[in-house]
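Down below is the structure, laid out as structure tokens.
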Amino acid sequence: MQTDGKKMKIRIPVLLPIVLTILILLSSSVIGVSWLQWRSNTDKLQIEIEGARLLYNRYVNTHTQEMDGLFDFIKEDEGLKSAWLKKNRAKLLELSKPILNGIYSKGKVTHLYFHDLDKNCFLRVHNPARHGDTVTRPTVNQAEKWQRPVWGTEFDPYGTLTVRVVHPWVINGELSGYIEIGEDIGYILPVLKEVLDVELLITVDKECLQRANWEQGMRMIGRENANWDLLSDKVIAGATLEDISEKSLYKARKVLERNNDSLFSTAITDRSYKGGFIPLVNAAHIHIGDIVVLKDMTPIRSAMEVFIMMLTSIAVAAGAVSWLLSHLYMLRAESKLAGTYMDLYDKMEQQKKIEEKLQQAYNQKELDVAKRTSELRKEVAERKKTQAELQKLNTELETTIKRLTVANQELEQFAFITSHHLREPVRKISMFGRLLARSLTGKLDTDQQENLSFMIDGAMKIEQMVKGLRLYLQVSVEKMEFEDIDLNLVMENIRSISLADEIEQMHAVISVPRKLPVISGCPVKLHQVMEQIIANGLRFRKEDVPLEIIVQAFKEDDQTVRIEIEDNGMGIREEQLGNVFDPFKRLQHIDSETEESVGIGLTVCKKIVERHGGQMGIRSVYEHGTTIWFTLPLATNQKVEDPPVTSSAEA
């Protein structure tokens, strides 16, 4: 009994920690899984919020650039300038109404304004009956203050989210007024919802609106249940949720009235949501509202509860089985402890003898180490002498590099300043030359008229060359922000927006046989490279052959991909291939067809690719087509796995 009692004292101290360990592991697992799920949901939501912000900003920037490109056409229209200077509102409406209808049919531009120098609205082309009021929007105020083009996101009096672009209108060298173009972009919410699988709300600060106008606007778009008093200092101007009544938003009202960047959890009707804010600011950088991103967490929470219950059940069953097996095992182990103890004693004696031998070997090793240390000291002294000499050479080299860097910067600055100061005189020569030609129409003989045309054309070409030089210098020195870019989206943008008209007019076929990879780079610059190469293919086609352009990607190595853009156009003679990327080099056989080109496009493209650490080259067979290739770094998340492209060896 005494022996049995001792055995029990042995089993209990061993088994009790096992049970406690199982309980601790169970609790830790439940807590850990819950925390990991919370962290994963938070990270995913932040990614989706950032994705919504990037998509929104890219959408606004793209449409702003499209609208900005319309101003040169409007501002240079002689009929519009004449009607404006004469303050002939009827004539101005007659000439500008077709322009608004034309750009509305191609895009979604909905507003066109003409303002005088006092910011009084002279004409709303989209609503000509309303005029004479003073416009105090931030975009107009900023354009008046800085005397340069200004764009921004604003809410109109009816609560509609609108992108506006305002340009000062300079006629005959004098500021005569302002032109404003606007586009309603409230329809962006369904697009973001479909892409990101989230719900979205647009909230507007009440101080930016008037209640009567807002309620009228909500009735105009069919939101009869819109409630101005739903939130204390904001109103909901748009939403993808079907039910945004006071009852459904009872628990969410407090979090929607916050103005910070933190994430939040709330409930709407019978669903649980986690969300965050994307601030909206106008052209004066004043906060005017938010885009609220909401992720439905109800399915995830239900699945998590089921998983924790299953994990607990499994852990309890495993603990019971472990207790039983451990108890049986300990009964057998206790009977073997005595024999094991004697075996351990013999091994300890053997261990002592081994330690004595190791000590002797250690002493001998110390003698060897002392000898080697002496030898190493001599080597260290020699290396220090060599390092001192290398340090001196490095110092001299750094000094030389600094001098070369300063000289290079001064040269770039000189070239940039020179091109900047050349641009204005050349522009004046071109402008006044055209004015002179117009005023002397019918007064000059044929030779005089031809000489004057040569002068105007030469000035315009010099102006284009100066612009090209400024663009090349800008690309060479400006800082580029790199991010992951899906080339499939870039190609879709080029086919459906940037070059859509040219592709349709020429009946060209732009094909991508395989899915393109995700690369790392500057989105705007790489879009410019691909658009320039494809535009060249469209421009230099063969008239009697249907144009086809093929875009493919080939794997160079685990971190690099080669993009090839091939066309079946007129091609380039072999003796001219070496000059394709030289600045201001135009090929002889295409000069007559592309007088507006100054030969800087591919030079800028090559510089952009080199700024990305890549290379650019060309292959061409005259009368059979051209292939331009360039290499780019793959995105970080595609460096572990092979990108979805064919390897260079297989190609």
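Here are the numbers for this structure:
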read-out	value
Pairs with Cβ under 8 Å, 6+ apart, first in segment 122-144 and in contact (Cβ under 8 Å) with a residue 24 or more places away in the chain, second assigned to a helix (DSSP H, G or I) and not hydrophobic (A, V, I, L, M, F, W, C)	Phe122/Arg89; Leu123/Arg89; Leu123/Ser96; Val125/Ser96; Val125/Lys97; Pro128/Arg89; His131/Arg89
Tally of residues being farther than 15 Å from Thr636 by Cα and within 23 Å of the chain's Cα centre (by Cα) across segment 551-563	5
Only listed residue being modelled with pLDDT of 90 or more, open to solvent by 40 Å² or more (accessible area, probe 1.4 Å) and among the polar types (S, T, N, Q), chosen from Gln559, Gln615, Gln588, Gln528	Gln615
Only one of Ile565, Ile533 that is closer than 18 Å to Gln615 by Cβ, part of a strand (DSSP E or B) and open to solvent by less than 40 Å² (accessible area, probe 1.4 Å)	Ile565
Whichever residue in segment 45-54 is out of contact with any helix residue (DSSP H, G or I) (no Cβ under 6 Å at 6 or more places or on another chain) and in contact (Cβ under 8 Å) with a residue 40 or more places away in the chain and, among such residues, is surrounded by the fewest Cβ atoms within 10 Å (Cβ to Cβ)	Gln46
Every residue from segment 194-211 that is out of contact with any Lys or Arg (no Cβ under 8 Å at 6 or more places or on another chain) and open to solvent by less than 70 Å² (accessible area, probe 1.4 Å)	Leu196, Leu201, Ile202, Cys208, Leu209
Looking only at segment 477-501, and only at residues there that are open to solvent by less than 30 Å² (accessible area, probe 1.4 Å) and more than 17 Å from the chain's Cα centre (by Cα), the one that is farthest from Gly537 (Cα to Cα)	Ala500
Residue among Val170, Val163 that alone is of a type in the set (A, V, I, L, M), open to solvent by 10 Å² or more (accessible area, probe 1.4 Å) and in a strand (DSSP E or B)	Val170
So Ala90, is it free of Cβ contacts under 8 Å to residues at least 60 places away in the same chain, surrounded by 15 or more Cβ atoms within 10 Å (Cβ to Cβ), more than 15 Å from Pro168 (Cα to Cα) and small (Gly, Ala, Ser)	no
Number of the condition not met by Leu26 [criteria: (1) at pLDDT 85 or above; (2) open to solvent by less than 40 Å² (accessible area, probe 1.4 Å)]	(1)
Filtered residues of segment 502-517 (kept if more than 16 Å from Glu566 (Cβ to Cβ), touching a residue at least 12 places away in the same chain (Cβ under 8 Å) and open to solvent by 30 Å² or more (accessible area, probe 1.4 Å))	Glu502, Met506, His507, Lys515
All positions within segment 94-126 that are farther than 28 Å from Ala500 by Cα and open to solvent by less than 50 Å² (accessible area, probe 1.4 Å)	Phe114, His115, Asp116, Lys119, Asn120, Cys121, Phe122, Leu123, Arg124
Long-range neighbours under 6 Å by Cβ, at least six apart or interchain, first residue assigned to a strand (DSSP E or B) within segment 292-320, second of a type in the set (Val, Ile, Thr)	Val293/Ile49; Val293/Val198; Lys295/Val198
Test for Gly571: is it in contact with a Ser or Thr (Cβ under 9 Å, 6 or more places away or on another chain), over 29 Å from Asn57 (Cα atoms) and not aromatic (Phe, Trp, Tyr)	yes
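The values are calculated or read from the model by the stated rules, or taken from the named source; none is laboratory data. Since this is a predicted model, take the numbers as computed values, not measurements. Cβ coordinates were reconstructed from backbone atoms using ideal geometry, including for glycine residues, and neighbour counts include every protein chain displayed. Ligands, DNA and RNA are stripped out before the accessible areas are found, and what is left, the full protein with its side chains, is counted by its heavy atoms. Shrake-Rupley method; radii C 1.70, N 1.55, O 1.52, S 1.80 Å.
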